[in-house]
Amino acid sequence: MLIGIWVTKACNLRCSYCYEGNDKKEIDMDRNTADQIINFIQENYSTNDNWSEDPLIIQFHGGEPLLNYDLITYITERLKLLFATYKKIVMFGITTNAVLLDKKKIEFLAENMNYDFSISIDGDKKVHDQTRLFSNGTGSYDAIINKVNMTLEKRKNIRARVTFGAQTVSHLFESIKHLIELGFLVIVCIPDYFDKSWDEKHIDAYLDQLGLLKEYYLRNRLDEKNVEIPILENNIFKKNKCSGGYSSIHIDPTGEIYPCSYVVGDTKYKIGSVHLGGINNDYLADISRINDCNMMECEGCNNYSSCLTVRCRYLNELLTDDGLCPSATICAFENANYSFLKSV
């Protein structure tokens, strides 16, 4: 079970590709809501025999979660104590833009974020500063690079989270190479599906970059150096239908519960509240029905059972205004990945 806890909706950057937009509500989670979340977790997960072997995963979200750092430490320590009492496993994760990192925070996160500790960094200064901006329009690379180096010195398996769009895709190989040279061992690359500029030319550029990256990876025997770049791996496998609300939930700063990170704050998808009894199973069943419907437009496609746009109906709604309408952008990427894997 994964529980995303959104400790704030505020952010200290104004990244051009942020799907939440740049007019974020300045809402921080308070201690009372945190206590209610801990009570909810205790009642529903810590003593449930179904979770006796599988760990509970707590993923801290924002905005920029370190803007509410004290609450992160509070929740982490409370849950560690609680789960130790029940002799069950809880693990923690976080993604940060690194602006607020300092020695104290790095030490705490390196020790406690044992499921996932990710830093959002899109490449070298030129690429990163195109999109990851402060509110005054200046890039954030210079503000974070020393902190990134400090973090990598403290812990080697920090993940780099790279977002690339149509304007930066032609630099993808150089971006990843730069991150490897910085010392990252795990580099996760995510396309900006919300970028309306994607076209066939950019998808072709993406395929060219994958080819360069694969050649570099093999030539330098990066597998022997434990470097992981999931974008090069075979992701063409059967995907189960979305289990949002069942094996994962997200709790916003006010304590409202949603099935997926993409729909946090959209009250149409609210499935409960930690202040009002937790998850309402009737609400959950109602919004889950869309996941049981076939994607009629996609039936017959060779990638049907492995495609993200077939699986992620919430993302479809954000991209096409219809959960059952496939995203042309995701479809293009899925077909490009399929083509690349078949060619190597």
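The values are calculated or read from the model by the stated rules, or taken from the named source; none is laboratory data. Here the structure is a predicted model, which is why all the values come from computation and not from measurement. A quick note on method: Cβ atoms are made from the backbone with ideal geometry, for glycine too, and the neighbour counts reach across all protein chains shown. Only protein heavy atoms, including side chains, enter the accessible area calculation; ligands, DNA and RNA are left aside. Shrake-Rupley method; radii C 1.70, N 1.55, O 1.52, S 1.80 Å.
Out of 286, 282, 322, which single residue is open to solvent by 60 Å² or more (accessible area, probe 1.4 Å), assigned to a helix (DSSP H, G or I), at pLDDT 90 or above and not basic (Lys, Arg)? Outline the logic, then answer.
Details: 286 fails: at pLDDT 90 or above; 322 fails: assigned to a helix (DSSP H, G or I).
Of 286, 282, 322, the one residue that is open to solvent by 60 Å² or more (accessible area, probe 1.4 Å), assigned to a helix (DSSP H, G or I), at pLDDT 90 or above and not basic (Lys, Arg) is 282.
Taking residue 193 and the conditions (1) assigned to a loop (DSSP other than H, G, I, E, B); (2) under 23 Å from residue 62 (Cβ atoms); (3) open to solvent by 50 Å² or more (accessible area, probe 1.4 Å); (4) out of contact with any Lys or Arg (no Cβ under 9 Å at 6 or more places or on another chain), which numbered condition does it fall short on, given that it satisfies the others?
Against the list (1) assigned to a loop (DSSP other than H, G, I, E, B); (2) under 23 Å from residue 62 (Cβ atoms); (3) open to solvent by 50 Å² or more (accessible area, probe 1.4 Å); (4) out of contact with any Lys or Arg (no Cβ under 9 Å at 6 or more places or on another chain), residue 193 comes up short only on (3).
One residue is enough: does the stretch 87-109 have a residue meeting the conditions surrounded by 23 or more Cβ atoms within 10 Å (Cβ to Cβ), in contact (Cβ under 8 Å) with a residue 24 or more places away in the chain and under 20 Å from residue 231 (Cβ atoms)?
Looking for residues that are surrounded by 23 or more Cβ atoms within 10 Å (Cβ to Cβ), in contact (Cβ under 8 Å) with a residue 24 or more places away in the chain and under 20 Å from residue 231 (Cβ atoms), one finds none in the stretch 87-109, hence no.
Regarding the stretch 131-153, can at least one residue be identified that is touching an Asp or Glu at 6+ places or on another chain (Cβ under 7 Å), under 25 Å from residue 332 (Cβ atoms) and either outside any helix (DSSP H, G or I) or among the basic types (Lys, Arg) (or both)?
yes
Can you tell me which of (1) outside any helix (DSSP H, G or I); (2) open to solvent by 40 Å² or more (accessible area, probe 1.4 Å); (3) touching a helix residue (DSSP H, G or I) at 6+ places or on another chain (Cβ under 9 Å); (4) of a type outside the set (S, T, N, Q) is the one residue 300 doesn't meet?
(3)
Search the stretch 239-260 for residues that are closer than 14 Å to residue 8 by Cβ and of a type in the set (Asp, Glu) and pair each with any residue that is open to solvent by less than 20 Å² (accessible area, probe 1.4 Å) and assigned to a strand (DSSP E or B) when their beta-carbon atoms are under 6 Å apart and the residues are at least 6 apart or on different chains.
252/6
Looking at residue 116 and the list (1) out of contact with any Gly (no Cβ under 7 Å at 6 or more places or on another chain); (2) surrounded by fewer than 20 Cβ atoms within 10 Å (Cβ to Cβ); (3) not basic (Lys, Arg), which single condition is not satisfied?
Status for residue 116: all satisfied but (1).
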